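Q: There's a structure below that I have some questions on.
The values are calculated or read from the model by the stated rules, or taken from the named source; none is laboratory data. Given the structure is predicted, the values throughout are model-derived calculations rather than measurements. Cβ placement follows ideal geometry from the backbone for every residue including glycine, while neighbour counts extend to all protein chains displayed. Note: areas computed on protein heavy atoms with side chains; ligands, DNA, RNA excluded. Shrake-Rupley method; radii C 1.70, N 1.55, O 1.52, S 1.80 Å.
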Amino acid sequence: MLKIAEISLPLDGGEEELRRLAAKRLRVPPEHIVKLELVKKSVDARKKADVHFICTVQAELAVPEKKVLDKCRDPKIMKAVPYQYQIPVCPPRAQRPVVIGFGPAGMFAGLLLAQAGQRPVILERGAPVEERERDVNAFWNGGRLDPESNVQFGEGGAGTFSDGKLNTGTKDPRAAKVLHELADAGAPAEILYQAKPHIGTDKLPQTVKNIREKIRALGGEIHFHTRLDQLLIRDGAVYGVRAQGPQGSAEWETDCVVLAIGHSARDTFRMIHDLGVHMEPKPFSVGVRIEHLQSRIDASQYGKFAGHPALGAADYRLAEHLPNGRGVYTFCMCPGGSVVAAASEEGMVVTNGMSRFARDGRNANSALLVGIGPEDFGSDHPLAGVSFQRDLERRAFALGGGTYRAPAQRAGDFLAGIASARLGEVSPTYLPGVELCDLADCLPEFVTESLREGIVRMDRKLPGFAHPDALLTGTETRSSSPVRIVRGEDLQSVTVRGLYPCGEGAGYAGGIVSAAVDGVRCAERILAGRKRGITT
């Protein structure tokens, strides 16, 4: 097959038009293309008068490929390299690998270990996704927060209640395995070719359940409502884990543990720190969620093509480096989505964003964040960033009225430095609801001032971003882990052999795909050691 890159396709162009354009680039009649496969598709909106798609395809031809390549002499046409991931296989051992956490990192570490015949044991402190959905929806509608089953904890991790965005900056070829496994598990097939793929919060639960059942069918065990209480360490190496489950305390003997606990397992961070596992504070970001009418974002991004059915809801990604040295940027942008309550501890307010697959909500939302570092935490303790997060979350809880309602403010009032007394054209999507206020009362001054300057600057790039009726909702504090569990080149903890800190919570990933890829990498290391007969 041949790969043809950078084909410009009109918004109304379908499969036959794409075939015709590919044939034109190949300089062959369209009927000489036996099979055409779309492998990448993105929107080019740089010129608002000519918004179109850019496509890459693979074509199987009825004529010799070498003759076509010699005739075309087009650097954007080349031999296609088929996707293939070779699963490492090695004999299973009596001591099964243990994976802590069943978010993207733990899920894909467990999946690869199961595919390689290792029958992993996976411990997840939260609930299965169907039970977790009920708990989360009850909380959003005014019910009790369950500290073990919420947006942060449970099957699928924090990504399950998000947009399910799969775009990533990683160039690791393992990302293709992640996408193919997700598609095989029921995610929309278009994630394999969209430049900015997403699954949607409504489709993620079934995808996650299907991966769960695949692991079990391959001999893996998954224990829900089972929280890691203790790593068992002897002579600088793991020899087992102790966990608290529905039937009480239980232990598993093992020589390798994948620690994929996510960025919000604060009690586990404390436990492993007390055990002497080497950790260090890590930069992260804090801020708010900003909501606009989706129609305004569409108009700013697509001009006269806004609303075209082939485009769907527009997204954006903005970043500014301020004169004060701070970085301000948008993150986890959710077109046609909602702002959601994402607390995992009582007496704290945390926001996040999510979209359904259709992205058909009235509002767009995104995290609007300011980068912070250990120098801002007020201490050099490895867990000082956790304390910083908690302080902001408690302030937001109090400012929201102490009922998990979130503090919110119109952008125009925020820029003017006055409390909001009314809403404008943007109705809040956050449940259980919002309390209008002055967000400066729950954010550090340097964060507030950086956000104000960032909003004004971003408006120059995306007109309407600083619209006075845009709504800010606080606080967004869980964009990434506040710690890094330090590991060596062999991906093991530098202080505890057999312990593999993994994914976003350990400080080595920044989203669903990168976390899943890190899980695959850790599983590969374990398999490589077992294949050589090495005790990790």
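Q: Evaluate the following for LEU491: is it in contact with a Phe, Trp or Tyr (Cβ under 7 Å, 6 or more places away or on another chain) and at pLDDT 95 or above?
A: Judged against the criteria, LEU491 is a match.
Q: If the Cβ limit is 8 Å and pairs must be 6+ apart or interchain, which residue in the range 135-148 that is among the small types (Gly, Ala, Ser) pairs with which residue that is open to solvent by less than 40 Å² (accessible area, probe 1.4 Å)?
A: Every condition considered, the pairs that remain are GLY142/PRO432.
Q: Let me ask something else. Can you pull out the residues in the range 462-490 that are open to solvent by 10 Å² or more (accessible area, probe 1.4 Å), part of a loop (DSSP other than H, G, I, E, B) and either of a type in the set (A, V, I, L, M, F, W, C) or over 30 Å from SER427 (Cα atoms) (or both)?
A: Passing the criteria: ALA466, VAL486, GLY488, GLU489, ASP490.
Q: Continuing with the same structure: Just checking, which of ASP163, ASP146, ASP70 is farther than 24 Å from ARG530 by Cα and loosely packed, with under 15 Cβ neighbours inside 10 Å?
A: Values: ASP163 fails: loosely packed, with under 15 Cβ neighbours inside 10 Å; ASP146 fails: loosely packed, with under 15 Cβ neighbours inside 10 Å.
When all the criteria are applied, what remains is ASP70.
Q: Moving on to the next point. Which residue pairs have Cβ atoms under 9 Å apart, sit 6 or more places apart or on different chains, and have a first residue in the range 349-364 that is over 11 Å from CYS334 (Cα atoms) and a second that is open to solvent by 10 Å² or more (accessible area, probe 1.4 Å) and part of a strand (DSSP E or B)?
A: ARG362/LEU293
Q: For SER366, state whether it is in contact with a Cys (Cβ under 9 Å, 6 or more places away or on another chain), open to solvent by less than 30 Å² (accessible area, probe 1.4 Å) and closer than 27 Å to GLY507 by Cβ. Before the answer, list the steps.
A: Values: in contact with a Cys (Cβ under 9 Å, 6 or more places away or on another chain): yes; open to solvent by less than 30 Å² (accessible area, probe 1.4 Å): yes; closer than 27 Å to GLY507 by Cβ: yes.
For SER366, the condition - in contact with a Cys (Cβ under 9 Å, 6 or more places away or on another chain), open to solvent by less than 30 Å² (accessible area, probe 1.4 Å) and closer than 27 Å to GLY507 by Cβ - is met.
Q: What number goes with the only condition from (1) closer than 21 Å to GLN294 by Cβ; (2) touching a residue at least 60 places away in the same chain (Cβ under 8 Å) that ARG484 does not pass?
A: It is condition (1) that ARG484 fails.
Q: Determine whether GLY464 is closer than 24 Å to PRO407 by Cβ, small (Gly, Ala, Ser), touching a helix residue (DSSP H, G or I) at 6+ places or on another chain (Cβ under 6 Å) and at pLDDT 95 or above.
A: Working: closer than 24 Å to PRO407 by Cβ: yes; small (Gly, Ala, Ser): yes; touching a helix residue (DSSP H, G or I) at 6+ places or on another chain (Cβ under 6 Å): yes; at pLDDT 95 or above: yes.
Yes, satisfied.
Q: List the pairs whose first member sits in the range 86-109 and is touching a residue at least 12 places away in the same chain (Cβ under 8 Å) and in a strand (DSSP E or B), whose second member is open to solvent by 10 Å² or more (accessible area, probe 1.4 Å) and among the hydrophobic types (A, V, I, L, M, F, W, C), and whose Cβ atoms are under 6 Å apart, counting only residues at least 6 apart or on separate chains?
A: So the pair list comes out as VAL98/TRP252; ILE100/LEU228; ILE100/ILE261.
Q: Can you tell me which residue in the range 250-276 is farthest from the chain's Cα centre (by Cα), limited to those that are crowded, with 22+ Cβ neighbours inside 10 Å and of a type in the set (A, V, I, L, M)?
A: If we take residues in the range 250-276 being crowded, with 22+ Cβ neighbours inside 10 Å and of a type in the set (A, V, I, L, M), then ILE272 is farthest from the chain's Cα centre (by Cα).
Q: Consider the range 491-502. How many of its residues are among the polar types (S, T, N, Q) and either farther than 22 Å from ALA237 by Cα or not in a strand (DSSP E or B) (or both)?
A: Going residue by residue through the range 491-502, those that are among the polar types (S, T, N, Q) are 492-493, 495.
Keeping just the survivors that are either farther than 22 Å from ALA237 by Cα or not in a strand (DSSP E or B) (or both) gives 492, 495.
Total meeting the criteria: 2.
Q: Moving on. Pick out the one residue from ARG132, ARG119 that is part of a helix (DSSP H, G or I) and modelled with pLDDT of 95 or more. Working first, answer last.
A: Working: ARG119 fails: part of a helix (DSSP H, G or I).
From the options ARG132, ARG119, the qualifying one is ARG132.
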